[in-house]
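The values are calculated or read from the model by the stated rules, or taken from the named source; none is laboratory data. Model, not experiment: these values are computed from the prediction. All Cβ positions, glycine included, derive from the backbone under ideal geometry; neighbour counts span all protein chains shown.
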Amino acid sequence: MPNTTHLLLAEDEAALGQIVKESLETRKFTVDLAEDGEKALKLFEQKSYDALVLDVMMPKKDGFTLAKEIRAKDDSIPIIFLTAKSQTSDVVEGFSIGGNDYLKKPFSMEELIVRIHNLVARKKLQSQSEVLSLGDYKFNFPKQTLQFQAEEAILLTHREAHLLFHLIKNKNQVLDRSLILNKLWNSDDFFAARSMDVFISKLRKKLAKDEHIQIINVRGFGYKLTY
């Protein structure tokens with residue numbers, strides 16, 4: 001669904017997890033529920049999320065350990081911890097690991113939703129304010145411009161800019177074809193896929209002045225930006 005906030009919820013209490021999941025889904029979130037830390041990590045590695053809601057006390061892999069491993073892969077995704085713990089040392093540990101917020105059980109759904117919205121909005125603003133470097137190019141995402149060395153910047157289309165942004169954010173990793181099609185085209189059908197191929201070709205031409213930059217087609221999976 002377009003413009004939907006996609007969440008990963010890790011909660012080992014089955015009843016609570018289902019209640020939170022269903023409550024969030026009635027507020028137009030899409031939610032994947034994992035009942036332990038290992039399953040949560042696998043989901044995180046397979047999909048793209050806007051925020052994570054992690055219970056601290058979970059079997060197989062606790063929330064703090066899970067957050068450490070996620071932070072090694074992604075240093076910006078918002079993380080909210082859910083816990084029955086209330087000691088200051090636990091709160092401090094959660095923030096020191098890289099958590100963005102901390103909600104003590106029992107909690108109200110309205111409070112959780114407000115905190116999720118605030119963190120996701122803050123991350124979006126931070127992302128959109130970035131000027132990114134790739135080789136000899138500077139990419140200004142909010143202005144949707146691309147500049148080679150000291151030359152005059154060229155204007156990208158909205159879709160070119162968003163596609164390049166996701167390629168840069170996933171540098172040296174395969175950008176899943178179906179995932180990005182659904183995110184930017186709201187469809188992964190044949191016509192959307194052909195359209196994306198055209199935009200990839202346009203980006204290759206606009207980045208051609210730096211011979212080290214490549215957008216590689218990983219057949220059957222997606223595209224990978226290297227430089």
(request) Give the residue that is modelled with the lowest pLDDT, with candidates limited to residues of segment 169-204 that are in contact with a Leu (Cβ under 7 Å, 6 or more places away or on another chain) and small (Gly, Ala, Ser). (result) Ser187
(request) Provide a single number: the residues in segment 12-49 that are farther than 24 Å from Pro106 by Cβ, among the aliphatic types (A, V, I, L, M) and loosely packed, with under 15 Cβ neighbours inside 10 Å. (result) 0
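Any idea which residue in segment 122-146 is modelled with the lowest pLDDT, counting only those that are assigned to a loop (DSSP other than H, G, I, E, B) and more than 19 Å from Thr226 (Cα to Cα)?
Among them, the one singled out is Ser129.
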(message) Going through Leu82, Leu119 one at a time, which residue ends up being in a helix (DSSP H, G or I), in contact (Cβ under 8 Å) with a residue 60 or more places away in the chain and not assigned by TED's automatic domain parsing to the domain that holds His166?
(response) Leu119
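Taking the condition of being surrounded by fewer than 21 Cβ atoms within 10 Å (Cβ to Cβ), of a type outside the set (Gly, Ala, Ser) and under 17 Å from Val120 (Cα atoms), how many residues in segment 50-76 meet it?
The first filter runs over segment 50-76 and keeps only residues surrounded by fewer than 21 Cβ atoms within 10 Å (Cβ to Cβ), leaving 50, 57, 59-62, 65, 68-69, 71-76.
If we keep only those that are of a type outside the set (Gly, Ala, Ser) as well, we get 50, 57, 59-62, 65, 68-69, 71, 73-75.
Cutting the leftovers down to under 17 Å from Val120 (Cα atoms) gives us 50, 71, 74-75.
Matching residues across segment 50-76 total 4.
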(request) Sort out which residues of segment 169-186 are part of a helix (DSSP H, G or I) and buried (at least 18 other Cβ atoms within 10 Å of the Cβ), and write them in order of number. (result) Arg177, Ile180, Leu181, Leu184
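Residues being outside any helix (DSSP H, G or I) and more than 19 Å from the chain's Cα centre (by Cα): count how many of those fall in segment 32-73.
As a first pass, look at segment 32-73 and keep what is outside any helix (DSSP H, G or I): 32-36, 47-62.
Checking which are more than 19 Å from the chain's Cα centre (by Cα) leaves us with 35-36, 55-62.
Looking only at that region, the number is 10.
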(message) Filter segment 192-213 down to the residues that are part of a helix (DSSP H, G or I) and either of a type in the set (S, T, N, Q) or over 25 Å from the mean Cα position of the chain (by Cα) (or both) and list them by number.
(response) Ser195, Ser201, Lys205, Lys206
(message) closer than 19 Å to His6 by Cα, at pLDDT 90 or above and surrounded by fewer than 18 Cβ atoms within 10 Å (Cβ to Cβ): is that true of His212 in this structure?
(response) no
(message) So the check is Cβ under 6 Å with 6+ separation or different chains; which pairs have a first residue in segment 146-171 that's under 30 Å from Gln46 (Cβ atoms) and a second one that's at pLDDT 90 or above and polar (S, T, N, Q)?
(response) none
(request) Starting from residues that are closer than 19 Å to Thr4 by Cβ and among the basic types (Lys, Arg), keep the ones in segment 113-158 and report whichever is surrounded by the most Cβ atoms within 10 Å (Cβ to Cβ). (result) Arg115
(request) State yes or no: is Ile97 touching a residue at least 24 places away in the same chain (Cβ under 8 Å), surrounded by 17 or more Cβ atoms within 10 Å (Cβ to Cβ), among the aliphatic types (A, V, I, L, M) and out of contact with any strand residue (DSSP E or B) (no Cβ under 8 Å at 6 or more places or on another chain)? (result) yes
